[in-house]
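So the structure is just underneath, and the comments pick up after that.
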Amino acid sequence: MAKDKTEKKSEQGITVKKSENFSDWYTQVIQKADLADYSSVSGCIVYKPASYAIWENIVQQVDKRFKKVGIQNAYFPLFIPESLLQKEATHIEGFAPEVAWVTHAGSSELKERLAVRPTSETIMYDSYSKWIRSYNDLPLRLNQWNNVVRWEFKHPTPFLRGREFLWNEGHTCFATKEEAMAEGEEVISIYNDVCENYLAIPCRIGKKSDKEKFAGAEYTISMEYVLPNGKAIQGPDFHHDGQNFSKAFEISFTDDKGEKQYVWQNTFAITTRMLGVMIMLHSDDKGLVVPPKLAQTQAVIVPIIFEKSKKEVLAKAKEIQQKLEKIGITAHLDDRENYSPGWKYHEWEVKGVPIRIELGPRDLEKDQVMVVRRDNSEKQALPISGISKEISLVLEQIHDNLFQRAKILLDSSIVQVESKEEAMESIDKGQIVLVPYCGCGPCEEMFKAETGAKSLNRPLGKEQPKLKKGTSCFNCAKEAKYWFHFGKSY
């Protein structure tokens, strides 16, 4: 039996290093931490309970913040008639390659093709055009939590890029452009709050280029993250759509002067991609690392069982579990007797539980437990008498440590340079560059074709460095308009 356990442990552990083979390491973490499984549909994964619980926690935190500012939830159909999808030409052009179509019901061909939603603007705005009549009907701020299907992609990566994913779709309407634009800061602030204080992940917030903005939007504000392999990845975003959709779908209202006006609109989203970002940033060669506030199980109690002290140790372990759960800490008591303590330690490390609490007869004599942090493997003895307060403190320390490590990576990965040569050299080193940029699409496309690095976003407000007058674009002879992030990206 002991031999079987050793073989299982070898199979269960991560066999490649994060620093040596990032892709294989990521795949192993997902599979061995029991987060996801591949399905029989190419590019679509199964979200297993461990990963879905993390997503549920993200949803809960974002959702309650939305509701607090007046954004309500609704649900709209999965299927979109082709005639509706084509109403907004720029929008459909942007999504055309990614749309999956339903053409038959049973053996009967449908009179009109139905798109499986790649996004819900067109189906929602058909309803909005019926609901909004007067300025008294505004603002209309709706959100839905759902799944979307985007069929076209080259390199599927679980959680990061797939044919089906989960997200929120915020779709709001306002009477004035100023009101609509003001919502951007509020929404991005909500996303950033959750990402920093729950996922322990910092980012760079800024405006996308016209080439990279959302199809149909006037502008897009994005949150860009940097991963340990040197690649950037876009997270939550906010799109100000102006009146592009309202004019296409006749979403108009009568203002307080009795005149017809078109509404001003926004859209915004956070997706299950953030699970992948979290895994890649925090996890290590032992397996998954989950920030405490998102973990399905925040602490696992592993009793060291001997026949003579079994009853007393298990009783105290259950008492500790109850104390922790009483103050809202999710604790699991692993009292399985057919596995050794070492086996259990390894299993819970791979699965990323933030804290391991070890309790044996010697600990019982000293009225203490041994506590091991998943983020840095530090081990310390803590008194059982004050265990609830002590574990709460350690969980906070783990979150802070994960965030600071991610911030150091982010800050050290971005370099400010002025020339093309410096930019290319930095990108070859796996860095993100902040460069003076002219803002011209062809210049952006030329640099991407040459280096594989694309534009990410440009810092806003105080985060935008001062640009000296007459500074040239890093990639051409034109005068630069602002500093812009470029880098290789998922």
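Can you find a residue in the range 346-364 that is over 30 Å from I30 (Cα atoms), among the hydrophobic types (A, V, I, L, M, F, W, C) and assigned to a loop (DSSP other than H, G, I, E, B)? The answer is no, given that none of the residues of the range 346-364 is over 30 Å from I30 (Cα atoms), among the hydrophobic types (A, V, I, L, M, F, W, C) and assigned to a loop (DSSP other than H, G, I, E, B).
Only one of the listed residues (I123, I45) is of a type in the set (V, I, T), at pLDDT 95 or above and under 30 Å from K293 (Cα atoms). That residue is I45. On inspection, G70 passes the criterion of being surrounded by fewer than 19 Cβ atoms within 10 Å (Cβ to Cβ) and modelled with pLDDT of 95 or more.
Taking the conditions exactly as written (out of contact with any helix residue (DSSP H, G or I) (no Cβ under 7 Å at 6 or more places or on another chain), of a type in the set (D, E), in contact (Cβ under 8 Å) with a residue 24 or more places away in the chain and closer than 20 Å to A53 by Cβ), does E349 satisfy them or not? Before the answer, list the steps.
Values: out of contact with any helix residue (DSSP H, G or I) (no Cβ under 7 Å at 6 or more places or on another chain): yes; of a type in the set (D, E): yes; in contact (Cβ under 8 Å) with a residue 24 or more places away in the chain: yes; closer than 20 Å to A53 by Cβ: yes.
Criteria met by E349.
Looking at D241, D284, D255, D237, which one is acidic (D, E), at pLDDT 95 or above and under 16 Å from the mean Cα position of the chain (by Cα)?
Values: D241 fails: under 16 Å from the mean Cα position of the chain (by Cα); D284 fails: under 16 Å from the mean Cα position of the chain (by Cα); D255 fails: under 16 Å from the mean Cα position of the chain (by Cα).
Exactly one of D241, D284, D255, D237 is acidic (D, E), at pLDDT 95 or above and under 16 Å from the mean Cα position of the chain (by Cα), namely D237.
Among strands (runs of 3 or more DSSP E) entirely within the range 399-488, having at least 3 residues that are touching a Phe, Trp or Tyr at 6+ places or on another chain (Cβ under 8 Å) singles out 432-437, 482-487. The condition of being at pLDDT 95 or above, more than 21 Å from I54 (Cβ to Cβ) and either among the hydroxyl-bearing types (S, T, Y) or more than 15 Å from the chain's Cα centre (by Cα) (or both) holds for Q265. Search the range 455-468 for residues that are on the phi < 0 side of the Ramachandran plot and pair each with any residue that is among the basic types (K, R) and part of a loop (DSSP other than H, G, I, E, B) when their beta-carbon atoms are under 9 Å apart and the residues are at least 6 apart or on different chains. Going by the 9 Å Cβ cut-off, the qualifying pairs are S455/K208; S455/K211; L456/K208; N457/K208; R458/K208; R458/K481; L467/K481.
Among the residues of the range 351-385, those identified as over 20 Å from G13 (Cβ atoms), buried (at least 17 other Cβ atoms within 10 Å of the Cβ) and hydrophobic (A, V, I, L, M, F, W, C) are I355, I357, L359, L364, V369, M370, V371, L382, I384.
Residue by residue, here is whether (1) at pLDDT below 95; (2) exposed (fewer than 15 other Cβ atoms within 10 Å of the Cβ); (3) under 19 Å from Q234 (Cα atoms) holds:
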| site | (1), (2), (3) |
| --- | --- |
| I387 | no, no, no |
| E396 | no, yes, no |
| N401 | no, no, no |
| V417 | no, no, no |
| E422 | no, no, no |
| S426 | no, no, no |
| V433 | no, no, yes |
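If you go through the range 258-268 and keep only what is surrounded by 15 or more Cβ atoms within 10 Å (Cβ to Cβ) and free of Cβ contacts under 8 Å to residues at least 40 places away in the same chain, you end up with just Y262. Looking across E164, E169, E88, one residue alone is acidic (D, E), out of contact with any strand residue (DSSP E or B) (no Cβ under 6 Å at 6 or more places or on another chain), closer than 25 Å to I270 by Cβ and surrounded by 13 or more Cβ atoms within 10 Å (Cβ to Cβ). It is E88. Checked against (1) in contact with a Lys or Arg (Cβ under 8 Å, 6 or more places away or on another chain); (2) exposed (fewer than 15 other Cβ atoms within 10 Å of the Cβ); (3) in contact (Cβ under 8 Å) with a residue 60 or more places away in the chain, H155 meets all criteria but (3).
Mind checking which residues of the range 229-257 are part of a loop (DSSP other than H, G, I, E, B) and buried (at least 20 other Cβ atoms within 10 Å of the Cβ)? Break it down stepwise before answering.
Taking the range 229-257 first, the residues part of a loop (DSSP other than H, G, I, E, B) are 229-231, 243, 249-251, 255-257.
Passing the criteria: F249, I251.
On inspection, Y128 passes the criterion of being among the hydroxyl-bearing types (S, T, Y) and either without any contact (Cβ under 8 Å) to a residue 60 or more places away in the chain or buried (at least 18 other Cβ atoms within 10 Å of the Cβ) (or both).
The values are calculated or read from the model by the stated rules, or taken from the named source; none is laboratory data. These numbers were taken from a predicted model, which means no experiment stands behind them. Every residue, glycine among them, receives a Cβ derived from its backbone with ideal geometry; neighbour counts consider all protein chains shown.
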